[in-house]
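Heads up: the structure comes next, in structure tokens.
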Amino acid sequence: MKNNRHPFAIVMTNGLSALLMLLVMSSCATTIPELQVQYRLPTPSDTLQGRAVALTIEDRRTTQSILGRGAIKEFGGSSNSVALSVAEPNQNGSSIGIFQVTSLMREAIKRNLERSGVKVLPDRAAGAPSLVIVLKEFSLDLVGREWTARISYDARLTGEGGAVATQSINGKAERYKVIGRDSADTLMGEIFTDMVNSLNLARLLEQTGL
């Protein structure tokens with residue numbers, strides 16, 4: 001079949017297609033979070049080998065925004081997603097994906113528990129204790145020349161017969177701002193690692209008599 005399209009029309013069509021692709025790529029790029037958090041795993045152990053818990057994350061934060069007013073201004077916008085990387089002790093980390101805060105907490109705590117031999121179940125199961133992480137705060141702000149990060153949560157373990165044990169974990173960290181935002185990423189990685197690795201499942205199991 002003879003193509004009667006004018007060469008100019010073909011050029012215009014190709015140009016519009018390329019422009020549309022660039023706009024789509026630009027739109028996707030703006031959804032990528034700038035906050036980078038690195039979680040450092042604890043040293044492996046077998047202290048809880050053979051144990052299993054059903055892990056649930058509940059978001060009870062008063063605000064869903066990660067960044068405070070000063071941090072939003074510095075970052076040039078706000079995103080409620082975090083790019084997570086995971087590192088072995090004394091090694092460089094590798095990126096594993098982009099997460100919302102609740103899924104970020106679940107991913108890190110799951111990896112933490114598995115380091116001590118715990119099998120983490122996605123849902124509540126008969127015979128397995130239930131571990132609920134109640135997230136209360138996860139924030140980063142810039143006040144003057146100081147980055148300030150806060151993370152807090154309650155860990156509640158419920159065993160058979162209704163026995164309950166709770167651990168409250170709260171942290172605040174500060175770091176002086178230097179050129180760029182690397183110090184903010186470092187600060188969030190440090191406090192996130194400390195708060196996740198502060199979870200003491202062995203003590204919670206002991207308190208519930210499991």
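Taking all Cα pairs closer than 8 Å and separated by 6 or more residues, the relative contact order of the range 34-207 comes to 28 percent. In sequence order, the range 103-109 has phi-based couplings of 6, 4, 4, 5, 4, 5, 5 Hz under the Karplus curve 6.51 cos²θ - 1.76 cosθ + 1.60, θ = phi - 60°, and Gly or Pro positions carry x. Between Arg69 and Ser94, residue separation times 0.36 nm minus the direct Cα-Cα distance comes to 6.0 nm.
Each of Ile169, Ile66 has some number of other Cβ atoms within 10 Å of its Cβ, and from fewest to most they run Ile169, Ile66. Neighbours of Val101 by Cβ distance under 13 Å: Lys/Arg scored +1, Asp/Glu scored -1, total +1. Fewest neighbouring Cβ atoms within 10 Å first, the residues Ile96, Ile57, Ile179 line up as Ile179, Ile96, Ile57. When the Cα gyration tensor is reduced to axis lengths a ≥ b ≥ c, the ratio a/c is 1.5 or higher for the range 34-207, and with a/b above b/c it is classed as prolate. If you count Lys pairs in the range 34-207 whose Cα atoms are under 19 Å apart, skipping same-chain pairs closer than 8 places in sequence, the total is 4. Put in order of Cβ neighbour count within 10 Å, fewest first, the listed residues Tyr153, Tyr39 become Tyr39, Tyr153.
For the range 56-137, the relative contact order works out to 44 percent when only alpha carbon pairs closer than 8 Å and six or more residues apart are counted.
Each value in this text was obtained by applying a stated rule to the coordinates, not by laboratory testing. Computed from a prediction, not measured in an experiment: that's the story for all the values here. Positions of Cβ are backbone-derived with ideal geometry, glycine not excepted, and every protein chain shown enters the neighbour counts.
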